[in-house]
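Just below is one structure, and these are the notes that go with it.
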Amino acid sequence: MKLQERFKKVLLNIGFETSKIDYLWTDLEKVYSAKSRYYHNLTHLEEMISLFDSHCAQLQFPNEVLYSIFYHDYVYKVTRKDNELKSAVHAVEILPLDTTLNKQLVFNMIVATQHHQHNAIEDINWLIDFDLKILSKDWENYKTYCQQIRKEYKIYPNLLYNPGRKKALQHFIENPSIYQTEVFRNQYEAIARANIQAELNLL
């Protein structure tokens, strides 16, 4: 199912009117297709939704997770530190008054994608892991990801970018685990750590 069709389906399920869904899709597509987005774009959403489909049976709040995937990077400016908060506020503000979604849960889910820390709510841990799956790709795809992130931060010279990137990567390395679900830890933790260490060695 195409991304637009998935978007329409979940919004219909949670109480949006069809006429508004078309507008919201156009808006979402425009935001995620901005020229400045080399990684945080529609392809990133597609990959996360593919993971959502693979692990949907483990989710207690699938509609909240899927809706959060669509809006978790709605606001993305490399010069800001409140992108996730802004995205969460927007995602909740546009929900219908009679939505079937848990608004507070949606807000918490999107905000959690900033620091990627373990959460008492397991569905938030799944969302975090979907977001970070890229870290455990094969090395060639991981290098492409690194290049895409670098392009998103192209306004910064290496003198500023490299220390910031190192700090972000070391944050992952120093955590007890990168992935928050047992499934992802067992399958992807070792690969992700190897990729991150390899990137650190190159910076």
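Structure values in brief
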{"quantity": "Apportionment of accessible area to carbon and sulfur, segment 31-103, percent (1.4 Å)", "calculated": "51 percent"}
{"quantity": "Accessible-area ranking of Ile191, Ile14, largest first, probe 1.4 Å", "calculated": "Ile191, Ile14"}
{"quantity": "About the Cα centre, charge dipole magnitude for the chain (Lys/Arg +1, Asp/Glu -1 at Cβ), debye", "calculated": "900 debye"}
{"quantity": "If the convex hull is drawn through the Cα atoms of segment 1-58, its volume per residue in Å³", "calculated": "83 Å³"}
{"quantity": "Å² per residue, accessible surface of the chain at 1.4 Å", "calculated": "52 Å²"}
{"quantity": "Between segment 127-193 and segment 9-48, the Cα center-to-center distance that results, in Å", "calculated": "24 Å"}
{"quantity": "Gyration tensor (alpha-carbon) shape descriptor, segment 64-203, a/c threshold 1.5", "calculated": "oblate"}
{"quantity": "Compactness relative to 2.2 N^0.38 Å, alpha carbon Rg of segment 1-147", "calculated": "1.00"}
{"quantity": "Exposure rank, largest accessible area first [His171, His90, His118, His72; 1.4 Å]", "calculated": "His118, His171, His90, His72"}
{"quantity": "Tail beyond 18 Å, pair distance distribution of segment 78-124 (Cα, percent)", "calculated": "33 percent"}
{"quantity": "Exposure of Ser54 as accessible area (Å², to 10), given a probe of 1.4 Å and all protein chains", "calculated": "80 Å²"}
{"quantity": "Rg over Rh, two decimals, segment 121-175 (C-alpha only, Kirkwood Rh)", "calculated": "1.03"}
{"quantity": "Sequence-separation-based contact order of segment 1-85, relative, with Cα cut under 8 Å and 6+ spacing, percent", "calculated": "27 percent"}
{"quantity": "Entries in Lys30/Lys81; Lys2/Lys30; Lys81/Lys151 that, when Cα-Cα distance is taken, lie over 20 Å", "calculated": "Lys30/Lys81"}
{"quantity": "In order through segment 24-39: 3J(HN,Hα) via Karplus (6.51 cos²θ - 1.76 cosθ + 1.60), integer Hz, x for Gly, Pro", "calculated": "5, 5, 4, 5, 5, 4, 5, 5, 6, 9, 4, 4, 6, 9, 9, 10"}
{"quantity": "Cβ charges +1 (Lys, Arg) and -1 (Asp, Glu), total dipole of segment 1-94, debye", "calculated": "300 debye"}
{"quantity": "Rel. contact order, % - alpha carbon contacts under 8 angstrom, at least six apart, segment 38-195", "calculated": "24 percent"}
{"quantity": "Most positive-pole-ward Cα, Val10, Leu51, Trp25, against dipole of the chain from beta carbon charges", "calculated": "Trp25"}
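The values are calculated or read from the model by the stated rules, or taken from the named source; none is laboratory data. Only a predicted model underlies this, so the values are computations on that prediction, with no experimental measurement involved. Glycine gets a Cβ as well: all are built from the backbone with ideal geometry, and neighbour counts include every protein chain shown. Accessible surface is based on the protein model in full, side chains and every heavy atom, while ligands, DNA and RNA are left aside. Shrake-Rupley method; radii C 1.70, N 1.55, O 1.52, S 1.80 Å.
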